[in-house]
Each structure stands twice: as C-alpha cells, then as structure tokens.
Amino acid sequence: MRRAWLWLALLLPAFVLTVLLGDWLLSLQGYADGDETVPLTATLVAGGLALLVLITPGVAALFYGLRARRRGAPAGLTPALVGGVTAFALVVLNVVALIVSR
C-alpha cells in the first residue's frame, strides 16, 4: 500500500515533467508552444507522450492499491480510486481540450 501512496505523491512532479516534455517535443518538431498553426500530428505526438508521463503515477497507484487490497489491506482501495479517477480525468480533460482547440 505504501507504493500506491508514493506513486500518488509523484503526481505533481509528473505534471511539471509533462509540461517540460510536451514543450520540448514540440520544439524538436519545429513548433513553439504558443503557435496557432501546430498540425494535429505534431500535437498528438507531443501531447500523447506527455500524457503518458502524466497518467503514469495514477495508473501505478491504481495497480498497487488494488494489489494491496487483494493481499488483505482494504485501505488500498483509497489510493487505487484516487489514482484511477485522477488518470481518467486527466485523459478526458486533455482529449476535450484537444477537441475544443481544433
């Protein structure tokens, strides 16, 4: 269960890393973050990889929380739910933001 909570604690550093990674991947493709004319392909490459980094702590917390619950720690459901809901919400928010911006 400790691992589940530790992964949840990594959500904030993952957010910072995601912003840096997304900007870096866009600049590698020759675009600035504030450009209005970034093609969908470049956005999906940079945003998709950055999103994977962003949801990793939530998915790992879900995995370890459920594993702790299976092994007899019913309190493992809390970090599992928080991690799963957080990862799901981040994916939905990013997909909605992509659709609205197009």
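The values are calculated or read from the model by the stated rules, or taken from the named source; none is laboratory data. Because the structure is predicted, anything quoted here is derived from the model rather than measured. Positions of Cβ are backbone-derived with ideal geometry, glycine not excepted, and every protein chain shown enters the neighbour counts. Please note that ligands, DNA and RNA were not included when accessible areas were found on the heavy atoms of the full protein model with its side chains. Shrake-Rupley method; radii C 1.70, N 1.55, O 1.52, S 1.80 Å.
Scanning the stretch 85-102 for residues being hydroxyl-bearing (Ser, Thr, Tyr) and open to solvent by 50 Å² or more (accessible area, probe 1.4 Å) gives a total of 1. Can you pull out every residue in the stretch 11-23 that is open to solvent by 80 Å² or more (accessible area, probe 1.4 Å) and in contact with a helix residue (DSSP H, G or I) (Cβ under 8 Å, 6 or more places away or on another chain)? Within the stretch 11-23, PHE15, LEU17 meet the criteria.
Between VAL38, VAL82, the distinction of being β-branched (Val, Ile, Thr), surrounded by 17 or more Cβ atoms within 10 Å (Cβ to Cβ) and either under 15 Å from ALA9 (Cα atoms) or in contact with a strand residue (DSSP E or B) (Cβ under 6 Å, 6 or more places away or on another chain) (or both) belongs to VAL82 only. Checking each residue in the stretch 10-27 for being touching a residue at least 40 places away in the same chain (Cβ under 8 Å) and more than 13 Å from LEU51 (Cα to Cα) picks out only LEU10.
Each residue in the stretch 24-35 was checked for being surrounded by fewer than 18 Cβ atoms within 10 Å (Cβ to Cβ) and either under 20 Å from VAL96 (Cα atoms) or of a type in the set (Phe, Trp, Tyr) (or both), and 5 of them qualify. Of the residues making up the stretch 58-74, those that are farther than 21 Å from PHE15 by Cβ and open to solvent by less than 50 Å² (accessible area, probe 1.4 Å) number 2.
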